[in-house]
Structure formats: C-alpha cells, structure tokens
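The next block holds one structure in the form of structure tokens; read it before the comments.
The values are calculated or read from the model by the stated rules, or taken from the named source; none is laboratory data. Remember, predicted model here, so these are calculated numbers, not experimental data. Here the Cβ positions follow ideal geometry from the backbone for every residue, glycine too, while neighbour counts run over all protein chains shown. Only protein heavy atoms, including side chains, enter the accessible area calculation; ligands, DNA and RNA are left aside. Shrake-Rupley method; radii C 1.70, N 1.55, O 1.52, S 1.80 Å.
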Amino acid sequence: MKIREFREAAGMTMTDLAGRMGVNISTVYRWDTGEDIPSAARLPLLADVLGCSIDQLYGRGSPPAAS
C-alpha cells in the first residue's frame, strides 16, 4: 500500500493521520512501513482523509502532487 506516499503528498505527519483516523501513531508507523495494513473497514475513511481512492492506495494510481 502507498499510505506513506499519499500521507506525505497531503502534507500530513504520522501524528496528523493518527488523529484523523482515531488510531495511535504506532499504528500509522506500521501502515507507513508496510508492517501492517488497515482493516477493510478503515479504508474508506483513510482514502477520504488522504484525498485519494482506495484503488490508489493499492497502487492503481499516482499520489497527488505535493502542495
């Protein structure tokens, strides 16, 4: 998954994403490193928060240009 790529493109820190997703920072760290993936139930919110589609999170598209 490309969570880190989209998070950085959105200008978000791991702390920012953790707060928006209602998880702790260690969870976001594991998502960023690929050690773990979000549950299917969290994917719609994650995509909304990162401004992308679920398909893009799985590598079926490019992250938006950094602002």
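Worth pointing out:
- Checklist (1) loosely packed, with under 13 Cβ neighbours inside 10 Å; (2) modelled with pLDDT under 95; (3) assigned to a helix (DSSP H, G or I) applied to E5, failing item: (1)
- Selection count where residues are more than 8 Å from I3 (Cβ to Cβ), in a helix (DSSP H, G or I) and open to solvent by less than 60 Å² (accessible area, probe 1.4 Å), scope the range 31-53: 3
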